[in-house]
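A short write-up of the structure that comes next.
The values are calculated or read from the model by the stated rules, or taken from the named source; none is laboratory data. This one's a predicted model, so the numbers in the text were calculated from it and none came from an experiment. FYI the Cβ positions are ideal-geometry reconstructions off the backbone, even for glycines, and counts take in every protein chain you see.
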Amino acid sequence: MHLDFSGVWKANLEKSNILGARPKAMTVKIAYSDPALLVEMVITQMNEIEDRLAFRGLTSGEEVTNFSGHLTGAESLTMGRNGVADRIMDELWRA
């Protein structure tokens with residue numbers, strides 16, 4: 001059984017341990033249809049500039065690589081049992 005986190009989530013930035021500069025706001029839209037997971041993030045910086053990031057993954061734990069030129073210092077975002085996306089989901093769970 002997989003938990004369904006579908007919906008729009010607003011991060012509680014006061015309780016989150018975000019690496020780098022703290023944004024003004026972060027909203028995450030999650031669409032889940034077992035085993036597919038689609039995550040769309042909007043990160044609003046303090047200067048009101050919005051950064052957008054979307055990635056997909058599988059709840060089966062199978063590794064999926066998402067390519068994006070918009071990621072700072074990275075060419076890809078890997079979602080799997082130990083991927084970056086797992087850490088993002090961990091942060092949302094705490095928020």
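Which of the residues belonging to the stretch 13-28 are more than 20 Å from GLU48 (Cβ to Cβ) and among the charged types (D, E, K, R)? Listed by number, the list holds a single entry, LYS15. The set of residues from the stretch 5-21 being closer than 14 Å to VAL39 by Cα and among the polar types (S, T, N, Q) comprises just one member, SER6. Elements of the type strands (runs of 3 or more DSSP E) sitting completely within the chain and holding at least 1 residues that are surrounded by 13 or more Cβ atoms within 10 Å (Cβ to Cβ) and at pLDDT below 90: these cover 25-33, 36-44, 50-58, 64-67, 76-79.
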